[in-house]
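Structure in structure tokens, see below.
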Amino acid sequence: MATKPPRVKVPKTAKKGEVFEIKTLITHPMETGNRKGKDGKKIPRMIINKFTCTYNGNEILRADMNTSISANPYFAFYARATDSGTFEFAWTDDNGKTVKTSKNIAVS
Amino acid sequence: TPEEVATALAKLTGGVTPQSGKITLKLPEIAENGASVPVTLIVDSPMTADNYVKQIHLLAEGNPTPEVVSFYLTPAAGKADISTRMRLGQTQKVVAAAVMSDGSVYSTSKEVKVTIGGCGG
Amino acid sequence: SSLGRAAAGQKITQEKLLQFDPVGQVTLLNFTDIHAQLVPLYFREPSTNLGVGKSAGIPPHLTGKDFLNYFKLRAGTMDAYAFTSDDYVSLARQYGRVGGLAHMATLIKAIRAERPDNTVLIDCGDTWQGSYGSLKSRGEDMVTAMNALGVDVMVPHWEFTYGEDRVKELIKKLKFPFLAGNVKDNEWQERVFDSIAYFERSGVKVAVIGQAFPYTPIANPRYMVPDWSFGINEDMIVENIAEAKSNGADLIVLASHNGFDVDRKLAGRVEGIDVILTGHTHDAIPALVKVKDTLLVAAGSHGKFLARLDLDVQGKKIVNHSFKMIPILSDAIAPDPEIAAVVRDVRAPYLKDISEILGRTDSLLYRRGNFNGSFDDLICQAIRQERDTQIALSPGFRWGATLLPGQAITTDDLFSQTAITYPNCYRQEMTGARLKTILEDVADNLFNADPYYQQGGDMVRVGGMGYAIDISKTIGNRISEMTLLDTGEQIDAKKTYTVGGWASVNPGTEGPPIYDVVSDYIRRKKVVSVPQNNTIKVTI
Ligand SMILES: [Mn+2]
Ligand SMILES: [Mn+2]
């Protein structure tokens, strides 16, 4: 669905217990279904409606999105460092297609 | 409309009467670009296993659909502080509500102006 | 009269302007909103400056005799001339022009000589725009001049109307920090500019936090700054204060382009700011305004004032202070030769163009004031005639020099009122409903009871149409009795009217530049005159 791979910012390292910021961006028009195209016909709704972030398999954050989220959805949120491992991010659109990316973190 | 937002919110929070406090909604007073308005939701919570923020809901009174986004958190977030960007078609009140792990609900709102712009000092 | 002027000249001397009771370790020198005015000019303060809500009836929302009474100033004096529009033309003829960078430089150098280890010179912005030279050199003339003057730090607003790339280029040429602590990028919402500058002065660590105009992409074209997001962003100011304190700052100064009422509200909400040097709304207030523990300075505009604030700081607290707004009365000050040469140099390439006399004015021409100014009325006359429209709209900018009755109008003068990077004068059809929306929208930017929702300009100027306004109402309910002046008929929401205007913030606006429209008009008229404007009925 996305033309460019999603981008995420996760620190490469963190101290155990530290709370740090994560930022994510994905390219997507977030078509609302309320807009008309040049032919006068309504452009069908096509949005990303779900976003999840897990850390070593445990959910940190999930978002259920509607049409009022801007094009190219952006999320910034926090996580607490526990163990070294992987953050996984997933975006799912109205067709049920999912785009994923991941980042590793070393916790000392 | 305010009624649609109230109905949607009641559905999302199980009908618990919201209290004021604990939740902060950061939005510009005047939108620079109605297609992309930065918004930050912060809830005062220790985010421990027995005391954390379960859900944060964002709603808009003047958009075609009142629900904007619902966030579901776990204590592993460490901090309930989430930013995104939203659409605002016209001047309106934006409402945010947090559901805590004990089931209590806190809400707040902010008016955002969408203007034609121009002029200045 | 020349006799009056000689007498006034005798009374007012450079020494007298510089008289001051020095205090403490730190001298803050501040000017703001100079709008690229390098040579002495006339600038009439507003005769209408209405405040709403908590700002009603208090400075800066006082004019004329009310202003004089509030600050216990006498009519007919230098202070009455500098701070009010009371008896303006006759006092202007007595006291002469104001401002001029070389004249301000004389005072700055004298104070620096007296306080060599104490002084910080702070420019609160709107520096690079407002003249023919600044427009043609895209701000470079002012960067050269401010580098020569030795400014220590600045904050921006109109600077952004040269576009992101040009701003970055000019920042590289600046010899001092350009601070905009409330600006983020639109992609990752991260800081774009430096936020804080530090100055050690006689053992006091001064932190200057910079705040750009929060509504730049709304009041000016967003396409000029597509990648940057602004806003008041109190949370970023709070972060900056915490950072400055953790870096050992003894004194926290906010150099702000928020506008006075916004800063007054901010001072009541954000802890830890010792001094706010305010800008943007062009208010000239002769005394400090105190909100809780914060001192607010409002240093006027157009190079007309240099504000001096001396501070005695003990244990990170201001224990004593001394303040003066020094009016730059050019006739009483010997221009500084070094800066005079810089001003001459940067104006030289344009001197022939800007010296052209377009015509003459029979009337006092000024802009500043909540509703129509006479220079705006002249612009509206020109738009209606040159673009053949029923109605003209002109933006409520607060900058632009004043011309006295009988004065020549040069290209220099015209550009001081019109030099912008989006000058196209459009001609289009608008419905009565659209016109009402525009007036309501701008009125709310000026008269919203909450200053955080104000943008700090004045009301859009209107030619060919009258209206009534009740400033105490809310958006959608302030404007009534819209009347087409040609026929006296009421404006019909559904009918369309031909409208000319300029400074549209929308991309792709077409039409000749406004300065060409107005110069053609003045050249043809030779002598312009602007009758008293009685077309707006104001209810407070
Ligand atoms: Mn200004
Ligand atoms: Mn300004």
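Take the conditions over 23 Å from the mean Cα position of the chain (by Cα), at negative phi and at pLDDT 95 or above and apply them to C:R398. Does it pass?
no
Has the range C:86-106 got at least one residue that is within 16 Å of ligand 1 (Cβ to nearest atom) and within 14 Å of chain B (Cβ to nearest Cβ)?
No: the range C:86-106 contains no residue that is within 16 Å of ligand 1 (Cβ to nearest atom) and within 14 Å of chain B (Cβ to nearest Cβ).
Among residues belonging to the range C:455-465 that are more than 10 Å from chain B (Cβ to nearest Cβ) and of a type in the set (A, V, I, L, M), point out the one that is farthest from the chain's Cα centre (by Cα).
Once the filter is applied, the top-ranked residue is C:M465.
Continuing with the same structure: Please state which one of B:T40, B:T7 is surrounded by fewer than 20 Cβ atoms within 10 Å (Cβ to Cβ) and within 13 Å of chain A (Cβ to nearest Cβ).
When all the criteria are applied, what remains is B:T40.
Quick one: which of C:G315, C:G231 is open to solvent by 10 Å² or more (accessible area, probe 1.4 Å), of a type in the set (G, A, S) and more than 30 Å from C:G96 (Cα to Cα)?
So the residue among C:G315, C:G231 that is open to solvent by 10 Å² or more (accessible area, probe 1.4 Å), of a type in the set (G, A, S) and more than 30 Å from C:G96 (Cα to Cα) is C:G315.
Another question, if that's okay. Looking at this structure, is C:V183 β-branched (V, I, T) and away from ligand 1 (no atom under 16 Å from the Cβ)?
yes
Could we say that C:T278 is away from ligand 2 (no atom under 16 Å from the Cβ) and open to solvent by less than 10 Å² (accessible area, probe 1.4 Å) here?
So C:T278 does not fit the description; no.
Same structure, new question: Do we have C:N372 as farther than 17 Å from C:S131 by Cα, within 17 Å of the chain's Cα centre (by Cα) and within 16 Å of ligand 1 (Cβ to nearest atom) here?
When the stated conditions are applied, C:N372 does not pass them.
Does C:R360 satisfy the criteria of being outside any helix (DSSP H, G or I), within 14 Å of chain B (Cβ to nearest Cβ) and at pLDDT 95 or above?
No.
Here's something else I'd like to know. If you scan the range C:408-434, which residues turn out to be in a loop (DSSP other than H, G, I, E, B) and either touching a Phe, Trp or Tyr at 6+ places or on another chain (Cβ under 7 Å) or open to solvent by 40 Å² or more (accessible area, probe 1.4 Å) (or both)?
Result: C:A419, C:T421, C:P423, C:C425.
What is the number of the single condition among (1) away from ligand 2 (no atom under 16 Å from the Cβ); (2) in contact with a Lys or Arg (Cβ under 6 Å, 6 or more places away or on another chain); (3) touching a residue at least 60 places away in the same chain (Cβ under 8 Å) that C:R166 does not meet?
Condition (3) is where C:R166 drops out.
Confirm whether B:P64 is out of contact with any Cys (no Cβ under 7 Å at 6 or more places or on another chain), surrounded by fewer than 22 Cβ atoms within 10 Å (Cβ to Cβ) and more than 8 Å from every other protein chain (Cβ to nearest Cβ).
no
Quick one: which of C:S90, C:S55, C:S137, C:S85 is among the hydroxyl-bearing types (S, T, Y) and at pLDDT below 95?
So the residue among C:S90, C:S55, C:S137, C:S85 that is among the hydroxyl-bearing types (S, T, Y) and at pLDDT below 95 is C:S55.
Per-residue answers, yes or no, for (1) more than 19 Å from the chain's Cα centre (by Cα); (2) more than 30 Å from C:H103 (Cα to Cα); (3) more than 16 Å from ligand 1 (Cβ to nearest atom):
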| residue | (1), (2), (3) |
| --- | --- |
| C:H257 | no, no, no |
| C:L266 | yes, yes, yes |
| C:V275 | yes, no, yes |
| C:H282 | no, no, no |
| C:I285 | no, no, no |
| C:L295 | yes, no, yes |
| C:S301 | no, no, no |
| C:K316 | yes, yes, yes |
| C:K324 | yes, no, yes |
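Filter the range C:372-400 for residues that are more than 20 Å from C:R524 (Cβ to Cβ), in contact with a helix residue (DSSP H, G or I) (Cβ under 9 Å, 6 or more places away or on another chain) and either assigned to a strand (DSSP E or B) or open to solvent by less than 10 Å² (accessible area, probe 1.4 Å) (or both) and give the result.
Answer for the range C:372-400, where residues must be more than 20 Å from C:R524 (Cβ to Cβ), in contact with a helix residue (DSSP H, G or I) (Cβ under 9 Å, 6 or more places away or on another chain) and either assigned to a strand (DSSP E or B) or open to solvent by less than 10 Å² (accessible area, probe 1.4 Å) (or both): C:I391, C:L393, C:P395, C:G396, C:F397, C:W399, C:G400.
Still on this structure: Limited to the range A:92-104, what total is found for residues that are open to solvent by less than 10 Å² (accessible area, probe 1.4 Å) and either assigned to a loop (DSSP other than H, G, I, E, B) or among the aromatic types (F, W, Y) (or both)?
Going through the range A:92-104 one residue at a time, the tally reaches 0.
Output the residues belonging to the range C:89-101 that are assigned to a helix (DSSP H, G or I) and open to solvent by less than 10 Å² (accessible area, probe 1.4 Å).
Once the filter is applied, which keeps residues that are assigned to a helix (DSSP H, G or I) and open to solvent by less than 10 Å² (accessible area, probe 1.4 Å), the range C:89-101 yields C:L91, C:A92, C:L101.
Against the definition (surrounded by fewer than 24 Cβ atoms within 10 Å (Cβ to Cβ), within 11 Å of another protein chain (Cβ to nearest Cβ) and under 25 Å from A:I26 (Cβ atoms)), how does B:T91 come out, yes or no?
No, not satisfied.
Looking only at residues in the range B:99-121 that are within 14 Å of chain A (Cβ to nearest Cβ) and either out of contact with any Pro (no Cβ under 7 Å at 6 or more places or on another chain) or part of a loop (DSSP other than H, G, I, E, B) (or both), which one is modelled with the highest pLDDT?
Out of the qualifying residues, it is B:V99.
Let me ask you something else. How do the strands (runs of 3 or more DSSP E) wholly within the range A:17-91 filter down when requiring 1 or more residues that are at the interface with chain B (Cβ under 9 Å from one of its Cβ atoms) and in contact with a Cys (Cβ under 8 Å, 6 or more places away or on another chain): which remain?
Those strands (runs of 3 or more DSSP E) span A:58-65, A:74-80.
Ok, one more. How about the range A:53-108: which of its residues are under 17 Å from B:M86 (Cα atoms) and among the acidic types (D, E)?
Residue satisfying the conditions is A:D64 alone.
If you don't mind, there's one more thing I want to ask. Give the range C:435-454 a look and list any residue that's over 26 Å from C:V518 (Cα atoms) and either within 8 Å of another protein chain (Cβ to nearest Cβ) or in a loop (DSSP other than H, G, I, E, B) (or both), or say none.
C:T437, C:D441, C:D444, C:N445, C:N448, C:A449, C:D450, C:Y452, C:Y453, C:Q454, listed by residue number.
If you don't mind, there's one more thing I want to ask. Determine which member of the set C:V208, C:V262 is farther than 26 Å from C:P395 by Cβ and in contact (Cβ under 8 Å) with a residue 12 or more places away in the chain.
It is C:V208.
Hey, among B:T84, B:T74, which residue is at pLDDT 95 or above, over 26 Å from C:E187 (Cα atoms), in contact with a strand residue (DSSP E or B) (Cβ under 7 Å, 6 or more places away or on another chain) and within 14 Å of chain A (Cβ to nearest Cβ)?
Result: B:T74 is the single residue among B:T84, B:T74 that is at pLDDT 95 or above, over 26 Å from C:E187 (Cα atoms), in contact with a strand residue (DSSP E or B) (Cβ under 7 Å, 6 or more places away or on another chain) and within 14 Å of chain A (Cβ to nearest Cβ).
Checking C:D261 against (1) within 16 Å of ligand 1 (Cβ to nearest atom); (2) open to solvent by 30 Å² or more (accessible area, probe 1.4 Å), which test does it fail?
Of everything listed in (1) within 16 Å of ligand 1 (Cβ to nearest atom); (2) open to solvent by 30 Å² or more (accessible area, probe 1.4 Å), C:D261 misses just condition (2).
The values are calculated or read from the model by the stated rules, or taken from the named source; none is laboratory data. Worth saying up front: this structure is predicted, and the values here are computed from it rather than measured. Neighbour counts are summed over all protein chains in view; Cβ atoms, including those assigned to glycine, are modelled from backbone coordinates with ideal geometry. When the accessible area is computed, the model is the full protein with side chains, heavy atoms only, and any ligands, DNA or RNA have been set aside. Shrake-Rupley method; radii C 1.70, N 1.55, O 1.52, S 1.80 Å.
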